[in-house]
Structures are given as structure tokens and as C-alpha cells.
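The values are calculated or read from the model by the stated rules, or taken from the named source; none is laboratory data. In this text the structure is predicted, and so the values were computed from the model without any measurement. Glycine also receives a Cβ, built like all others from the backbone with ideal geometry; neighbour counts cover every protein chain displayed.
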Amino acid sequence: MSAAIKRRRDMRSEELLDEPMSAHTSWRVGGTADRFLSPRTVEALAQCLRSVPADEPLHWIGLGSNLLVRDGGLRGTVICTSDLEKSIEQIDDTRVRATASVPCTTLARHCVRLKLGPAAFFAGIPGSLGGALAMNAGAFGGETWDNVSSVETISRNGEIAVRGKERFDVGYRSVSGPADAWFVAATFDFDGDESADMRDVTEIVRRRGELQPIGRPSCGSVFRNPPGDHAGRLIEAAGLKGACIGGATVSDKHANFIINEADASAADIEALIEHVRATVFADSGVALETEVRIIGERATSEGVQ
């Protein structure tokens, strides 16, 4: 039975069974999810969470821009937050509250219009705020948590809690905090910045297009920058620009991007990631760490593994 047939929808959420994750990731690869829930309100999200048995695996995705789902797919339930209500609210002169489903570029434009900053760098982060909070995403010298004052999280039983920034251990592309807590909103305390100009956002978008293969199926940066260096420089120095495995290719434009060039499988992409890691280590002695999140089961000739 196709996923299109196995569909249940109401005004507040949608449920899909055996849903291809290739339709929900920017790499356009990935096997099927057993159950895919797409709530439209926080109340519906809470109901979705309460509907998932306590022992069932639970996976969260937003726009799927920093995610590799293996070809064997995902067991359990996927919660997709991209259809949740999008809201940006100015609380006072310097504080702004934004929901997790807001695209980072939208947040950048809104804050710059309010003459608040630094916020223009958010235009350099692909994906939505929830994913940016989860990994402390950054671009062009700024990081998501730089101006966070508090976040709102939801637990597996659907309860909302407001937590201060001090409850989280935030580092370079890493965030850890209370267990059983997923981000639904954040409040930022920016500085007033009369020099903030929409041209700042336009310039960041232009630079992204100039330096990165925007518009191609990728996940953004594959590897974290090691201390004092750049992953892209190390990959290029190892002679890996243009390297291919199957339909996956290291970008000629920016070596820290892997492109789904020609109907790549998730296995092609993962194999190329490991090839890049091994080659860079042999060339420079630097062990690159992935920034992309890799989840799911591997497909084999006999099924999944």
C-alpha cells in the first residue's frame, strides 16, 4: 500500500505510514519512516507525542537540512516540525521570541528590520530555528545561542517548560541539556543596532551563493571546522574536490559540501563521508568530525541492518 493511501489528516496534524524520508531531507535520500507525524500546532504536537508508546523510537526533524537518513529507513515515529505555527514576536525593545519552525533567514530579516543585532548572520544558516538551537548552528562569525536568554521545550508527555540558557551546556556546534526536552521556541536578547541594514542580510545571502553550492541537493557543511582550521581547506588540500562515490560528489565550489549529483543513495553519501575523513587524516593527521547527523538503518541485499 502506498504512503499516499496510508494517510490520515485533520486540521491540526497529518499522519503518514511508510513515508519516504527522501521527500523530507535536503539531500533527497533516505528510506521510509514507519510513522511520520506532522503537527500544525503545539497542542497537536503534544497530542502526537502522547500517542507514541514510551518504548518506541522517536526522531525529530525540521527542514531536514542537516540530516542523512540511511537507506534502510527509520523504525518508530518521526515528528516533523516544519508545519508548526511560525511566529516572531517582539517582547520589548531588545527581546524577540521566535518559534522553532521559523526559517533562520526569516528571523534574520525580521530582527534587522527591528534594528536589533547581531542577527543578520542567521541568513547564512540553512534550515529552521529548532535545528539551529539543537546544534548551535552558526555562520559568518555568529552562533545561534550567542543571544539566547531562554528556550521553551516540550517533553515526551507533551508538557511545555521554559528554561534559562544556563540549563544548557553550549559549545561549538553542540548543545546538551535536560533529557526529554525538545525545542519549540526561543527568546533572544539582542542589542539595539541602528546600523543594522537589510543590505547586511542581502550581502550574506550573496556570499553564500558565491561560496557555496546553493540550490544543489546537499546538507550544508558536512564536517565541523577543527580548532584553528577549516574543514573545507583540509579537504581541498587532500585533493578531494570532485571526488565521487556512486552519485555522491565532493563539491568543486566548496569542499565541505557533498552533492547528490546523480541519484545518489544514502550509502553513497555515507561512504564518501568516510572516504573524505580517512583521506584527510592520512594527509594532515586531522580527524574530522561530522556536523551532519546520520540516523537510521543500513539497507542490505537481505533487507535492513
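Looking at (1) within 18 Å of the chain's Cα centre (by Cα); (2) modelled with pLDDT of 95 or more; (3) under 30 Å from Arg109 (Cβ atoms); (4) not assigned by TED's automatic domain parsing to the domain that holds Phe188, which is the only condition Ser65 fails?
Among (1) within 18 Å of the chain's Cα centre (by Cα); (2) modelled with pLDDT of 95 or more; (3) under 30 Å from Arg109 (Cβ atoms); (4) not assigned by TED's automatic domain parsing to the domain that holds Phe188, Ser65 violates only (2).
Confirm whether Asp200 is in contact (Cβ under 8 Å) with a residue 60 or more places away in the chain and of a type in the set (Asp, Glu).
Judged against the criteria, Asp200 is a match.
Test Ala299 against the criterion of being over 28 Å from Ser174 (Cβ atoms), in contact (Cβ under 8 Å) with a residue 60 or more places away in the chain, surrounded by 14 or more Cβ atoms within 10 Å (Cβ to Cβ) and touching a strand residue (DSSP E or B) at 6+ places or on another chain (Cβ under 6 Å), and give yes or no.
For Ala299, the condition - over 28 Å from Ser174 (Cβ atoms), in contact (Cβ under 8 Å) with a residue 60 or more places away in the chain, surrounded by 14 or more Cβ atoms within 10 Å (Cβ to Cβ) and touching a strand residue (DSSP E or B) at 6+ places or on another chain (Cβ under 6 Å) - is not met.
For the stretch 64-99, enumerate the residues that are of a type outside the set (Val, Ile, Thr) and over 28 Å from Glu270 (Cα atoms).
Selection gives Asp83, Leu84, Glu85, Lys86, Ser87, Glu89, Gln90, Asp92, Asp93, Arg95, Arg97, Ala98.
Every residue in the stretch 194-211 that is under 22 Å from Ala255 (Cα atoms) and surrounded by 21 or more Cβ atoms within 10 Å (Cβ to Cβ), please.
Ile204
Quick check on the stretch 71-89: of everything there that is of a type in the set (A, V, I, L, M) and surrounded by 19 or more Cβ atoms within 10 Å (Cβ to Cβ), which residue is farthest from the chain's Cα centre (by Cα)?
Looking at the filtered set, the residue picked out is Leu74.
Restricting attention to the stretch 255-267, which residues are touching an Asp or Glu at 6+ places or on another chain (Cβ under 9 Å) and surrounded by fewer than 20 Cβ atoms within 10 Å (Cβ to Cβ)?
Scanning the stretch 255-267 gives a single hit, Ala267.
So how many residues does the stretch 228-244 have that are under 23 Å from Gly64 (Cβ atoms) and in a loop (DSSP other than H, G, I, E, B)?
Adding up the residues that qualify gives 0.
Residues to consider are Arg35, Arg109; find the one that is farther than 26 Å from Leu272 by Cα, modelled with pLDDT of 95 or more and outside the structural domain of Arg156 (by TED's automatic domain parsing).
The match here is Arg35.
Can you spot a residue in the stretch 109-127 that is closer than 30 Å to Val52 by Cβ, without any contact (Cβ under 8 Å) to a residue 60 or more places away in the chain and surrounded by 22 or more Cβ atoms within 10 Å (Cβ to Cβ)?
yes
If you scan the stretch 255-283, which residues turn out to be under 16 Å from Gly31 (Cα atoms) and assigned to a helix (DSSP H, G or I)?
Ala266, Ala267, Asp268, Ile269, Glu270
Across the stretch 33-48, what is the total count of residues that are more than 20 Å from Lys86 (Cβ to Cβ) and more than 19 Å from the chain's Cα centre (by Cα)?
Looking only at that region, the number is 2.
For the stretch 204-246, what are the residues that are acidic (Asp, Glu) and free of Cβ contacts under 8 Å to residues at least 24 places away in the same chain?
Within the stretch 204-246, Glu210, Glu236 meet the criteria.
Scanning the stretch 138-184 for residues that are of a type in the set (S, T, N, Q) and surrounded by 15 or more Cβ atoms within 10 Å (Cβ to Cβ), which turns out farthest from Ala44 (Cα to Cα)?
Among those that are of a type in the set (S, T, N, Q) and surrounded by 15 or more Cβ atoms within 10 Å (Cβ to Cβ), it is Asn147.
Mind checking which pairs have a first residue in the stretch 170-188 that is farther than 23 Å from His110 by Cβ and a second that is basic (Lys, Arg) and surrounded by 13 or more Cβ atoms within 10 Å (Cβ to Cβ), Cβ under 8 Å, 6 or more apart or different chains?
From residues that are farther than 23 Å from His110 by Cβ, the pairs are Tyr172/Arg224; Arg173/Arg224; Gly177/Arg163; Gly177/Arg167; Pro178/Arg163; Pro178/Arg167; Asp180/Arg156; Ala181/Arg163.
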